[in-house]
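Scroll down for the structure; my scribbles are underneath it.
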Amino acid sequence: MISSLGKGVFLVAAPALRDPNFRQTVVLLCEHGPEGALGVVVNRPTAMLVSEALPQVPVLEGQHHVLFSGGPVQPNHVLVLFRLSETPTDTHHVFDGVYLGGDMGVLERLLTIPTGTEAFRAYVGYSGWGPGQLEQEMKTGAWITLPADPTIVFEKEPALIW
């Protein structure tokens, strides 16, 4: 259903989707509009830690947060998804208290003053589609859409998501 595309939607790869970049993936759609779409794969952890990808963030030192592969576009760029109780600056609201981006101050605060409900996931690279590209993939049955759920993004075992 093309009408269900928008921020805060999961794109679940259909079993027939053979593209190795997206086979058996679930993508959180973070932006969608006439210019195209952007999302992050939520079920592809890497062997790398966030502290290795962001050595300029001292509070990450000694932390064991796994870095996720967000997709094939800009594979050296790190994006951070936050689940927060307040709206941070320099972020894009995705859905239900989930934000993309932000300065590293948000991440530092989250790690130094943790709360039970706030969380983050860091992604290297992202998934991107040009104008009309995702809509065309939807017409071919490559993706199934579902409402996104913060629990799945931040708490569920990645291997169990697809």
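Output the residues belonging to segment 112-130 that are farther than 21 Å from Ser69 by Cα and outside any loop (DSSP other than H, G, I, E, B). Selection gives Thr112 alone.
The single residue among Leu111, Leu100, Leu107 that is of a type in the set (A, V, I, L, M), at pLDDT 90 or above and touching a Leu at 6+ places or on another chain (Cβ under 9 Å) turns out to be Leu100.
So that you can scan it fast, the table gives a plain yes or no per residue for (1) at pLDDT below 95; (2) of a type in the set (A, V, I, L, M, F, W, C); (3) within 21 Å of Leu84 (Cα to Cα):
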{"residue": "Val124", "(1), (2), (3)": "no, yes, yes"}
{"residue": "Glu135", "(1), (2), (3)": "no, no, no"}
{"residue": "Thr145", "(1), (2), (3)": "no, no, no"}
{"residue": "Asp149", "(1), (2), (3)": "no, no, yes"}
{"residue": "Ile152", "(1), (2), (3)": "no, yes, yes"}
{"residue": "Glu155", "(1), (2), (3)": "yes, no, yes"}
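Total residues in segment 94-128 satisfying the condition of being touching a residue at least 40 places away in the same chain (Cβ under 8 Å), surrounded by fewer than 20 Cβ atoms within 10 Å (Cβ to Cβ) and not acidic (Asp, Glu): the figure is 7. Filtering segment 89-109 to residues that are outside any loop (DSSP other than H, G, I, E, B), of a type outside the set (Val, Ile, Thr), more than 14 Å from Val78 (Cα to Cα) and more than 13 Å from the chain's Cα centre (by Cα) leaves Gly105, Glu108, Arg109. Within segment 63-93, the residues that satisfy the criterion of being of a type in the set (Val, Ile, Thr) and closer than 15 Å to Ser127 by Cα are Val73, Val78, Val80. Considered as a group, the residues in segment 76-88 that are surrounded by 13 or more Cβ atoms within 10 Å (Cβ to Cβ) and of a type outside the set (A, V, I, L, M, F, W, C) include one that is modelled with the lowest pLDDT, and that residue is Pro88. In a helix (DSSP H, G or I), surrounded by fewer than 17 Cβ atoms within 10 Å (Cβ to Cβ) and modelled with pLDDT under 95 - does that describe any residue in segment 62-75? No, segment 62-75 contains no residue that is in a helix (DSSP H, G or I), surrounded by fewer than 17 Cβ atoms within 10 Å (Cβ to Cβ) and modelled with pLDDT under 95.
The values are calculated or read from the model by the stated rules, or taken from the named source; none is laboratory data. Note that the structure is a prediction, hence the values are computed from the model and not measured. Virtual Cβ from ideal backbone geometry, glycine too; neighbours counted across all protein chains shown.
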